[in-house]
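S.K.: One structure, pasted below without further comment.
The values are calculated or read from the model by the stated rules, or taken from the named source; none is laboratory data. The structure displayed is predicted, hence computed values, not measured ones. Cβ: placed from backbone, ideal geometry, glycine included. Neighbour counts: every protein chain shown.
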Amino acid sequence: MNRNPLEMQAIVNGTILTLDDRWTSYDCGMVIVAGTTIREVGPFDQVRLDRLGIPKEHIIDADGGIIIPGLVNTHTHIGMSLFRGIADDTANRLKRVIFPLERKLTTPEVVYTASLHSLAEMILGGTTCFADMYYFATQTARAAQESGIRGIIGQSVATYGGPDAPDFPTSVELVHRLDNLLKGNDRVMAAIAPHAPYSLTKQELLQCAEIHANRDIRILSHLAEMPFEESYTDEHYHMRPIPFYHQCNLLGPKSTMAHCIFADGNDQRLLVDTGTGIAHNPSANSKSGKGIAPAYDLMAKGARLGLGTDGPMSGNTMDMVNILGITAKFQKVLKKDPTIMTPREVLRAATRGGAEALHLEKSIGTLECGKQADIVIVGTDSPAMFPLYDPYAAIVYAASPADIDMTMVDGKLLMYQRKLYTLDPQAIRIQAKGMVSHIHKEMHELL
Ligand SMILES: [Zn+2]
């Protein structure tokens with residue numbers, strides 16, 4: 001089913017939600033794809049289809065499903081999926097469990113295999129683009145390139161280095177290596193990923209901003225996530241985390257900050273005014289009891305806000321479909337108002353908002369002529385998807401990842417009718433099994 005990149009194809013017979021400025025939709029529509037981009041979006045027109053001469057085998061029947069822009073997962077650590085479920089819900093998990101576990105057991109092979117495993121889950125769940133920050137980032141980049149997904153891959157840097165580097169200067173070397181590997185690749189891009197305000201010195205954070213500017217690469221980081229972060233930056237720098245990052249030149253039109261839970265009115269204004277992208281992770285943030293970010297307030301102020309799952313040790317799944325309902329419900333609880341964070345607003349955040357948060361809105365995020373063909377079909381055969389009075393509400397409140405029928409990136413089919421075309425999940429699992437046995441043995445010493 002994989003197409004020659006110059007060929008035309010059509011997706012027909014589905015409800016199209018374009019997510020454009022006017023919320024244009026078509027009850028029975030068609031999307032024409034030419035090569036890697038969208039050529040036309042409109043009502044289904046057999047005469048037009050015949051005139052374009054698209055061969056039958058290049059026509060994808062959505063079978064009454066809902067055709068939407070691909071989901072954008074703005075914050076992940078996909079190289080951690082083989083650690084999923086270890087020491088869930090224990091105290092001080094980051095420093096007591098996760099950091100020592102990574103130090104001992106994270107290897108290039110583990111990151112590569114775990115990345116492939118997560119990518120299979122993400123593509124089956126309708127994710128077409130993701131932003132990741134982790135160690136051995138060249139391995140995640142390699143897996144992303146093989147899978148056909150779009151991504152921004154961040155190499156984690158910190159004072160203490162990580163499993164792939166003994167210190168900050170060595171982890172910076174890895175950023176250069178990643179960027180050299182991905183230079184000129186516009187589907188999988190490099191980023192520098194300072195871990196968090198408390199994980200690097202001010203000097204090191206300023207150096208990250210310099211590398212970002214000199215190399216013209218993205219910045220991904222965790223910000224205003226931890227309850228202790230405010231007292232940390234107050235004690236060391238006499239300011240709040242978000243203004244501190246601004247002083248370090250880390251906010252701006254090519255940076256994306258994950259979480260931003262502890263953001264007061266001034267912090268929110270700073271994020272909006274600097275054009276910083278925000279990755280909102282309501283599932284992971286609630287599981288860890290940290291709090292719920294003011295996502296609705298940020299959106300109302302015009303923030304570039306997208307949604308994310310966080311890593312598989314934090315949110316456990318890489319499922320963006322269930323994030324939709326969680327996003328709506330937590331914001332309603334936070335604001336004590338059932339009328340806010342509507343299905344339209346949530347689906348926008350998961351698609352177009354994600355593209356804005358990653359500063360990719362010129363090429364992805366909507367179904368419009370000229371955009372890259374990153375397209376998903378949400379099937380409507382399952383009991384929860386019937387009746388279908390409001391397609392936005394059905395996707396946000398009733399759909400599950402198993403309802404995704406097709407995932408396309410750059411006009412290439414990555415999954416259709418639940419079959420993956422670029423990855424073999426059985427082979428990945430066989431490859432992972434030996435690593436999982438080793439992790440199982442070793443983890444007991446750490447817990
Ligand atoms: Zn994270």
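S.K.: Considering each residue of the range 219-266, count those that are surrounded by fewer than 21 Cβ atoms within 10 Å (Cβ to Cβ), not polar (S, T, N, Q) and not in a loop (DSSP other than H, G, I, E, B), and give that number.
M.R.: The qualifying residues number 9.
S.K.: Would you call Thr317 modelled with pLDDT of 95 or more and of a type in the set (Val, Ile, Thr)?
M.R.: Details: modelled with pLDDT of 95 or more: no; of a type in the set (Val, Ile, Thr): yes.
No.
S.K.: Quick check on Met226: is it more than 15 Å from the ligand (Cβ to nearest atom) and not small (Gly, Ala, Ser)? Lay out the reasoning, then the answer.
M.R.: Numbers: more than 15 Å from the ligand (Cβ to nearest atom): no; not small (Gly, Ala, Ser): yes.
It is false that Met226 is more than 15 Å from the ligand (Cβ to nearest atom) and not small (Gly, Ala, Ser).
S.K.: Would you confirm, using the coordinates I've provided, whether Pro343 is modelled with pLDDT of 95 or more and within 16 Å of the ligand (Cβ to nearest atom)?
M.R.: Numbers: modelled with pLDDT of 95 or more: yes; within 16 Å of the ligand (Cβ to nearest atom): no.
For Pro343, the condition - modelled with pLDDT of 95 or more and within 16 Å of the ligand (Cβ to nearest atom) - is not met.
S.K.: Tell me yes or no: at least one residue of the range 35-51 is surrounded by fewer than 15 Cβ atoms within 10 Å (Cβ to Cβ), away from the ligand (no atom under 16 Å from the Cβ) and aliphatic (A, V, I, L, M).
M.R.: yes
S.K.: Next question. Residue under question is Glu361, and the condition is that it be surrounded by fewer than 23 Cβ atoms within 10 Å (Cβ to Cβ) and assigned to a loop (DSSP other than H, G, I, E, B); does it hold?
M.R.: Yes.
S.K.: Here's something else I'd like to know. Could you tell me which residue of the range 293-313 is nearest to the ligand (Cβ to nearest atom), considering only residues that are outside any strand (DSSP E or B) and among the charged types (D, E, K, R)? Full working, then the answer.
M.R.: Quick first cut of the range 293-313, residues outside any strand (DSSP E or B) only: 293-303, 308-313.
From what is left, the residues that are among the charged types (D, E, K, R) are 297, 301, 310.
On the way: Asp297: 22, Lys301: 23, Asp310: 5 Å.
My answer is Asp310.
S.K.: Let me ask something else. I'm trying to understand the selection: among the residues of the range 63-79, which are in a strand (DSSP E or B) and either within 17 Å of Val376 (Cβ to Cβ) or more than 11 Å from the ligand (Cβ to nearest atom) (or both)?
M.R.: Passing the criteria: Ile66, Ile67, Ile68, Pro69, Leu71, Val72, Asn73, Thr74.
S.K.: Within the range 372-380, is even one residue among the polar types (S, T, N, Q), buried (at least 19 other Cβ atoms within 10 Å of the Cβ) and touching a His at 6+ places or on another chain (Cβ under 8 Å)? Before the answer, list the steps.
M.R.: Step one: list which residues in the range 372-380 are among the polar types (S, T, N, Q), which gives 372, 380.
If we keep only those that are buried (at least 19 other Cβ atoms within 10 Å of the Cβ) as well, we get 372, 380.
Checking which are touching a His at 6+ places or on another chain (Cβ under 8 Å) leaves us with none.
No, there is no match, as no residue in the range 372-380 is among the polar types (S, T, N, Q), buried (at least 19 other Cβ atoms within 10 Å of the Cβ) and touching a His at 6+ places or on another chain (Cβ under 8 Å).
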